[in-house]
């Protein structure tokens with residue numbers, strides 16, 4: 001199976017001494033960068049809903065972005081992102097064989113790069129998939145990527161001999177996977193907290209749990225969707241009575257905290 005996750009706004013640019021690969025859609029990313037370079041600081045603030053300081057930082061990133069960057073600028077995607085999902089994924093602790101399996105089976109959806117493998121070399125950037133960046137292809141990044149990401153996932157799944165895609169991404173990012181072009185069975189795990197007023201999805205915890213599910217798939221080399229029901233990291237347990245076809249629900253008690261490593 002393939003599993004997709006979202007990227008993160010926060011980056012970790014510590015040195016990583018690993019062999020990196022080239023993103024499949026590097027040229028498309030460069031086209032987006034060239035468009036973003038024409039935006040003023042005010043435009044970037046409005047586009048990303050960020051402070052003036054962050055707008056300045058990201059304008060500098062776009063200006064320094066290169067189609068032939070110095071290798072010292074690059075970092076592997078799964079190790080460069082540092083948000084909640086990546087606290088659950090804990091990519092830096094994967095061993096060589098696990099990372100090799102992840103390279104084949106794990107994908108990161110990206111507003112700038114479209115689709116990334118864990119070891120794909122990226123330059124520092126911030127560009128959320130929901131950004132209304134106008135290009136020749138339309139008014140949003142969803143327009144820009146069109147059915148490109150879905151077709152790429154179809155091809156990569158076919159190469160693996162699978163028809164299952166596990167969606168551990170946010171709605172914002174999975175919205176870039178055009179459903180009419182996708183020929184795969186999509187399984188979307190749902191992570192909930194047991195609250196006094198009833199089970200509830202808590203964004204912070206759900207993001208970490210989605211990363212932990214991706215890790216669970218990678219470390220256990222899972223290829224059967226039914227095996228996802230065995231997920232139990234961080235105190236979560238599969239709830240068959242709450243689940244729907246291809247939407248397995250995982251619930252954990254209020255006293256459980258954190259995501260335990262496998």
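Just so it is clear, none of the values below were taken in a lab; they were calculated from the coordinates. Please read all numbers here as calculations on a predicted model, not as lab measurements. Neighbour counts run over all protein chains shown; Cβ positions are idealised from the backbone, glycine included.
Estimated from the Cβ-Cβ distance and a Förster radius of 41 angstrom, the FRET efficiency linking residue 41 and residue 195 is about 0.50.
Taking 0.36 nm per residue of separation and subtracting the Cα-Cα distance, full extension of the segment from residue 82 to residue 238 would add 53.5 nm.
With the contact rule set at Cα under 8 Å and sequence spacing of 6 or more, what percent relative contact order holds for the chain?
In percent, rounded to a whole number, it is 23.
Going by neighbour counts of Cβ atoms within 10 Å, the residues 145, 13 line up, fewest first, as 13, 145. Considering only beta bridges that DSSP places wholly inside the chain, some 45 percent are antiparallel. When Rg and Dmax of the Cα atoms in Å is computed from the coordinates, the matching label among (i) 18.8, 66; (ii) 18.3, 54; (iii) 22.3, 78 is (ii). Distance between the 7 Å Cα→Cβ label points at residue 159 and residue 50: 3.1 nm. Go ahead and run the numbers for FRET between residue 27 and residue 100, Cβ-Cβ distance against an R0 of 35 Å, rounding to 0.05. That pair, residue 27 with residue 100, gives E of 0.85. The alpha carbons of the range 144-262 give a radius of gyration and a Dmax of 15.0, 46 Å, in that order. With contacts taken as Cα pairs under 8 Å and at least 6 residues apart, the range 149-262 reaches a relative contact order of 25 percent. Packing-based ranking of 222-228, 56-62 yields 56-62, 222-228, ordered from highest to lowest mean Cβ neighbour count within 10 Å.
In this label model, residue 186 and residue 254 are separated by 3.4 nm, measuring between points 7 Å along each Cα→Cβ vector. Exposure proxy shown here: for 125, 238, the number of other Cβ atoms within 10 Å sets the order, fewest to most, as 238, 125. Summary value for the range 164-217: 36 percent relative contact order, contacts being C-alpha pairs under 8 angstrom separated by 6+ residues. Computed over the range 154-205, the quotient of the alpha carbon radius of gyration and 2.2 N^0.38 Å is 1.48. Taking the number of Cβ atoms within 10 Å of each Cβ as an exposure proxy, the fewest-first ranking of 140, 21, 15 is 15, 21, 140.
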